[in-house]
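Reading through the structure tokens given below for one structure.
The values are calculated or read from the model by the stated rules, or taken from the named source; none is laboratory data. Nothing here was measured: the structure is a model prediction, and the numbers come from that model. Using ideal geometry, Cβ is built from the backbone for each residue, glycine included, and neighbour counts are taken over all protein chains shown.
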Amino acid sequence: MKKILLVIVVSQFFCTTLWFAGNTVITEIVSAGSLEAHLIPHITSAIQFGFITGTFLFALFTIADRIAPSLVFFLSALLAGIFNLGITWDHISVPQIILCRFLTGFFLAGIYPVGMKIASDHYQATLGKSLGFLVGALVLGTAFPHLLKNYIAGFPWKYVLYGTTFLSFLGGLCMLVLVPIGPFRKPAQKIQLTAFLHGFQQPNFRAVAFGYFGHMWELYAFWTFIPFMLRAYNNRYPGMSLNIPLLSFSIIAIGSIACMVSGVLSQYTSVRKMAGYALLLSGSCCLLSPLFFFLSSPFFFLLFLFIWGFSVIADSPLFSALVAQHTPAESRGTSLTIVNCIGFAITIVSIQLIGLLQEIFQTPYVYMLLALGPVLGLFSLYNYQSIKTTKHLQL
């Protein structure tokens with residue numbers, strides 16, 4: 001069973017390197033094609049919108065619950081990788097870039113939530129721990145293109161896309177060949193167009209889902225704008241010369257450790273409390289962020305970003321485990337997928353809002369708006385606890 005988890009985690013890591021591959025080289029694409037810099041948030045949102053569309057359709061047609069999830073994962077990894085290569089075409093236009101990123105995101109819907117579904121088919125008692133490693137792989141995969149860019153400096157930017165596509169193909173193949181059907185899988189027998197609504201009929205499911213939505217408001221906007229934060233600090237203090245690709249990788253990648261730590265600790269303490277602590281810390285980072293941009297000490301500025309990078313994702317596997325625990329087994333894949341769908345729809349709003357306000361005001365104060373997500377998450381977790389307490393009293 002440990003070998004199976006290792007394969008799932010490695011496959012998830014390889015395939016999710018596609019996620020920010022476009023973001024990593026978008027500055028070079030903009031420069032090479034004489035495109036407008038303000039298009040960057042729109043291009044970033046394209047992959048999110050593709051993921052939303054994909055997860056909605058995967059959930060609507062209960063793909064992961066009716067078809068062998070390892071096969072779904074493999075085909076999705078193959079197609080996502082192909083469209084990731086699309087933006088390496090010469091003389092590509094903005095609409096074509098957006099379309100390629102959209103389609104890459106569409107097929108990522110068959111990777112991230114389906115990977116969680118595969119894990120839940122193999123693990124029940126240790127699901128929180130397993131999802132901690134799995135979401136940690138997603139975080140590391142998201143960060144990896146920044147590291148790749150740092151180490152291939154001087155080579156064409158297209159190498160980042162070639163490398164991430166190869167990893168996606170390899171990850172999909174490993175999942176197909178090495179991961180069997182899980183012992184806890186209960187396949188759906190037919191299409192149920194309303195199956196994705198089943199979870200929302202349960203108060204506990206609604207509470208943890210809304211907690212996850214608050215978490216997502218902050219997460220991807222923070223990840224998207226890390227290079228911008230570092231670049232802004234470099235511009236304010238030119239003598240610092242921060243290594244933006246390497247630091248971007250490191251700040252995002254530290255979240256993989258956070259996911260693993262929170263997943264392991266969830267075996268010994270309250271999942272709800274741990275998620276709440278992470279939300280409280282990351283929300284505090286949102287509110288305090290302007291103060292650190294005005295510090296001339298790079299040590300304290302980077303320490304702050306690392307703390308933010310650690311706390312912003314630590315609650316993600318906990319929310320995923322709670323969602324999986326409060327949905328019927330036969331629609332678990334669909335429920336995980338629709339929650340992902342809504343969560344990523346929210347990321348588009350926060351990314352676009354922060355991008356617009358940053359362009360208008362060019363001030364770090366805009367990042368304080370990300371605190372709205374943790375506030376919603378904490379309120380939802382309070383409702384979840386109240387629901388559980390009420391049920392206990394009724395018993």
Out of all the residues in region 329-350, is one or more over 23 Å from I252 (Cα atoms), among the acidic types (D, E) and out of contact with any Gly (no Cβ under 6 Å at 6 or more places or on another chain)?
yes
So how many residues does region 4-31 have that are more than 14 Å from the chain's Cα centre (by Cα), farther than 20 Å from I152 by Cα and touching a residue at least 60 places away in the same chain (Cβ under 8 Å)?
7
As an exercise: evaluate I67 against (1) under 25 Å from M216 (Cα atoms); (2) modelled with pLDDT under 90 and give the number of the one condition it does not meet.
(1)
What's the number of the only condition in (1) surrounded by 24 or more Cβ atoms within 10 Å (Cβ to Cβ); (2) in contact with a His (Cβ under 9 Å, 6 or more places away or on another chain); (3) under 30 Å from R236 (Cα atoms); (4) of a type in the set (G, A, S) that G355 fails to meet?
(1)
V271: passes all of (1) in contact (Cβ under 8 Å) with a residue 40 or more places away in the chain; (2) over 16 Å from L131 (Cα atoms) but (2)
Can you tell me how many residues within region 365-395 are buried (at least 20 other Cβ atoms within 10 Å of the Cβ), at pLDDT 90 or above and not hydrophobic (A, V, I, L, M, F, W, C)?
5
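On the basis of being of a type outside the set (V, I, T), farther than 16 Å from A68 by Cα, part of a helix (DSSP H, G or I) and modelled with pLDDT of 95 or more, does F169 make the cut?
Criteria met by F169.
If you go through region 130-137 one residue at a time, do you hit one that is within 24 Å of R66 (Cα to Cα) and either small (G, A, S) or surrounded by fewer than 24 Cβ atoms within 10 Å (Cβ to Cβ) (or both)?
Yes, region 130-137 has at least one match.
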Checking H42 against (1) at pLDDT below 85; (2) more than 30 Å from P156 (Cα to Cα), which single condition isn't satisfied?
(2)
(1) farther than 22 Å from H146 by Cα; (2) in contact (Cβ under 8 Å) with a residue 12 or more places away in the chain; (3) aliphatic (A, V, I, L, M): which one isn't true of I67, the others all being true?
(2)
So which pairs qualify, if the first residue must be in region 75-89 and under 21 Å from M175 (Cα atoms), the second must be surrounded by fewer than 22 Cβ atoms within 10 Å (Cβ to Cβ) and modelled with pLDDT of 95 or more, the Cβ gap must be under 7 Å, and the two must be at least 6 apart or on different chains?
A77/F169; L78/F169; G81/F169; F83/L103
From the list R206, R185, which one is basic (K, R), modelled with pLDDT under 85 and crowded, with 17+ Cβ neighbours inside 10 Å?
R185
Screening P95, P180, P113, P156 for residues that are surrounded by fewer than 24 Cβ atoms within 10 Å (Cβ to Cβ) and within 30 Å of S266 (Cα to Cα) leaves only P180
Take residues that are among the small types (G, A, S) and tell me which of the helices (runs of 4 or more DSSP H) falling wholly in region 55-150 contain 3 or more.
69-85, 112-122
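Looking at Y237, is it aromatic (F, W, Y) and more than 15 Å from P364 (Cβ to Cβ)?
Judged against the criteria, Y237 is not a match.
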Looking at (1) modelled with pLDDT under 85; (2) in a helix (DSSP H, G or I); (3) surrounded by 19 or more Cβ atoms within 10 Å (Cβ to Cβ); (4) not aliphatic (A, V, I, L, M), which is the one condition that is false for E330?
(3)
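Could you say which residue among F306, F310, F344 is in a helix (DSSP H, G or I), in contact (Cβ under 8 Å) with a residue 24 or more places away in the chain and closer than 30 Å to L60 by Cα?
It is F344.
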Enumeration of residues in region 55-82 that are in contact with a Pro (Cβ under 9 Å, 6 or more places away or on another chain) and not small (G, A, S):
T55, F58, I63, D65, R66, I67
